[in-house]
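What follows is one structure encoded as structure tokens, with my remarks underneath.
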Amino acid sequence: MGALWHPFSDMGAVEKGGDFVITRGEGVHVYDDAGRRYLDATAGLWFANVGHGRTELADAAAEQMRQVAAYSTFGDYATQPTIDLAERLAGIAPVPGSKVFFTSGGSDSVETAAKLARRYWVEQGEPQRRHIIGRTSAYHGMHYAGTALGGIPGNVDGYGELVADAAHVTWDDPEHLRTTIERLGADNVAAFFCEPVIGAGGVYPPPSDYLTEVRKICTENDVLFVADEVITGYGRIGGAWFASTKFGLEPDMVTSAKGLTSGYAPMGAVLIAPKVAAPFFEPDAGRWFRHGYTYSGHAASAAVALANLDLIEREGLLDEAARLETTIASTLSPLAEHELVKEVRCGTGALAAVQLNDASKAPALAAGLRAVGVATRAVGAGAVQVSPAFVMTDEQVGELAAGLTKALDTLA
């Protein structure tokens, strides 16, 4: 028996079937330890926005490591790549003048935003504002606050109450948010957490005007609006760095990770609007935000992130993601006619999900896709994930559709 305990896994099944070992990646393909090639339909885990095998990102990490790999950013300590990256992110943030708090990944970012939301209201003289609101089908990472905010039942079962004062609203109903705030009392609510496109819960694009409406409700009730862009950030939404920019949301905080480094190094960031940051930057106020991580602003990760953002800009990958939005929709939508398929959800960014009529068959479909040379996974309640690297060509999207058709036919 192996020593590795895989995340989100039935380890009894893994022990029986063995590990699926990836040895290298190139562009939109990965290779296993037997040398077999797979079209990577998920870009790792939503993160390899620029594709695999980008040596310049490895070189950026190596060069920084030769100088100083990492150093604490607590107190007044910093490294130059960390400072440079913060300035770079502030320049593309959905709200001008945002501050940047670095984390080690998406779950850290959500946890940071949840704590900061409550702490902000303490500094505003309203410490009773403790309620945080999430949505059904949502995924906000797996720390305590993120798990409590998430709306995927299997992810919360068996843990008991994780965070007091966490509530949920129906993912596609703005009025449910309004009535929930009224029920809790607006003066008791700290923040609403919202994925612009629900990701791990099944890839659900927002209904028309949904994001505009929930943002308006938060503004009317003076509730902080937190956009969870761990998946949609850094170009995956297509045509913009962030979904919040694309939809004009002006969030109070943006949680991010994944595409920040395209997965070449672990890193996350919370972009914090001036309104929320201001109390903590007031001169001579002596206000500490006693929160942070050993690797907040890790120097080598920051160097990778800077090189990654350069690459995205140089190769026009924001526009390429917009191209993929159109190609994925036109190429995969016909799969909805297959006898096993309930619907294909797509049309908002380089994202899609193929939803089966029989949810229990999604793992078998993912296994069948691997057998025909496509690497993906089951998400939500009976769907398979599509979130390719932005460098995937239209022809390769066609290959993905062909693989899906073949796997569906075999399963049928």
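Laid out as a table, the results:
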quantity	calculated
Search result, residues across the stretch 382-399 that are within 14 Å of Tyr38 (Cβ to Cβ) and touching a Gly at 6+ places or on another chain (Cβ under 6 Å)	Ala389
Every pair of residues 6+ apart whose Cβ atoms lie under 7 Å, when the first sits in the stretch 396-407 and is at negative phi while the second is in a helix (DSSP H, G or I) and among the small types (Gly, Ala, Ser)	Ala407/Gly368
Members of the stretch 1-40 that are open to solvent by less than 30 Å² (accessible area, probe 1.4 Å) and on the phi > 0 side of the Ramachandran plot	Gly27
The stretch 106-121: number of residues that are under 18 Å from Tyr234 (Cα atoms) and open to solvent by 10 Å² or more (accessible area, probe 1.4 Å)	3
Lone qualifier among Arg287, Arg236 - being in contact (Cβ under 8 Å) with a residue 40 or more places away in the chain, farther than 18 Å from Ala145 by Cβ and buried (at least 24 other Cβ atoms within 10 Å of the Cβ)	Arg236
Number of the exception - Lys275 against (1) open to solvent by 10 Å² or more (accessible area, probe 1.4 Å); (2) in a loop (DSSP other than H, G, I, E, B)	(2)
The lone exception for Ala366 - which of (1) on the phi > 0 side of the Ramachandran plot; (2) touching a strand residue (DSSP E or B) at 6+ places or on another chain (Cβ under 6 Å); (3) of a type in the set (Gly, Ala, Ser) it fails	(1)
The stretch 351-381, residues that are touching a Gly at 6+ places or on another chain (Cβ under 8 Å) and β-branched (Val, Ile, Thr)	Val372, Val374, Val379
Filter result for Ala366 (touching a Cys at 6+ places or on another chain (Cβ under 6 Å), open to solvent by less than 60 Å² (accessible area, probe 1.4 Å), in contact (Cβ under 8 Å) with a residue 12 or more places away in the chain and aliphatic (A, V, I, L, M))	no
Among the candidates Gly380, Gly349, residue that is surrounded by fewer than 23 Cβ atoms within 10 Å (Cβ to Cβ), in contact (Cβ under 8 Å) with a residue 40 or more places away in the chain, on the phi > 0 side of the Ramachandran plot and not aromatic (Phe, Trp, Tyr)	Gly380
Tally, over the stretch 180-211, of residues that are acidic (Asp, Glu), surrounded by 17 or more Cβ atoms within 10 Å (Cβ to Cβ) and without any contact (Cβ under 8 Å) to a residue 40 or more places away in the chain	0
Val214, sole failed condition from (1) outside any loop (DSSP other than H, G, I, E, B); (2) more than 16 Å from Ala113 (Cα to Cα); (3) open to solvent by 10 Å² or more (accessible area, probe 1.4 Å)	(3)
Failed item, numbered, when Val230 is tested on (1) surrounded by fewer than 22 Cβ atoms within 10 Å (Cβ to Cβ); (2) assigned to a loop (DSSP other than H, G, I, E, B)	(1)
Yes/no for Phe74 being open to solvent by 70 Å² or more (accessible area, probe 1.4 Å), in contact (Cβ under 8 Å) with a residue 24 or more places away in the chain and closer than 27 Å to Tyr234 by Cα	yes
Scope the stretch 1-48; condition among the hydrophobic types (A, V, I, L, M, F, W, C), assigned to a helix (DSSP H, G or I) and farther than 24 Å from Ile231 by Cα; matching residues	Met11, Ala13, Val14
Residues within the stretch 217-227 that are touching a residue at least 24 places away in the same chain (Cβ under 8 Å) and open to solvent by 10 Å² or more (accessible area, probe 1.4 Å), tallied	2
The one condition in (1) in contact (Cβ under 8 Å) with a residue 12 or more places away in the chain; (2) buried (at least 16 other Cβ atoms within 10 Å of the Cβ) that Gln128 fails to fulfil	(2)
Scope the stretch 79-104; condition under 16 Å from Leu306 (Cα atoms), small (Gly, Ala, Ser) and touching a residue at least 24 places away in the same chain (Cβ under 8 Å); matching residues	Ala86, Ala90, Ala93, Ser104
Members of the stretch 290-306 that are out of contact with any Ser or Thr (no Cβ under 9 Å at 6 or more places or on another chain) and either of a type in the set (D, E, K, R) or in a loop (DSSP other than H, G, I, E, B) (or both)	Arg290
Condition broken by Leu177, with the remaining ones in (1) out of contact with any Lys or Arg (no Cβ under 9 Å at 6 or more places or on another chain); (2) open to solvent by less than 10 Å² (accessible area, probe 1.4 Å); (3) farther than 26 Å from Gly105 by Cα satisfied	(1)
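The values are calculated or read from the model by the stated rules, or taken from the named source; none is laboratory data. This is a predicted model, so every value here is computed, not measured. Quick reminder, even Gly has a Cβ in these numbers, built from the backbone with ideal geometry, and neighbours come from all protein chains shown. Please note that ligands, DNA and RNA were not included when accessible areas were found on the heavy atoms of the full protein model with its side chains. Shrake-Rupley method; radii C 1.70, N 1.55, O 1.52, S 1.80 Å.
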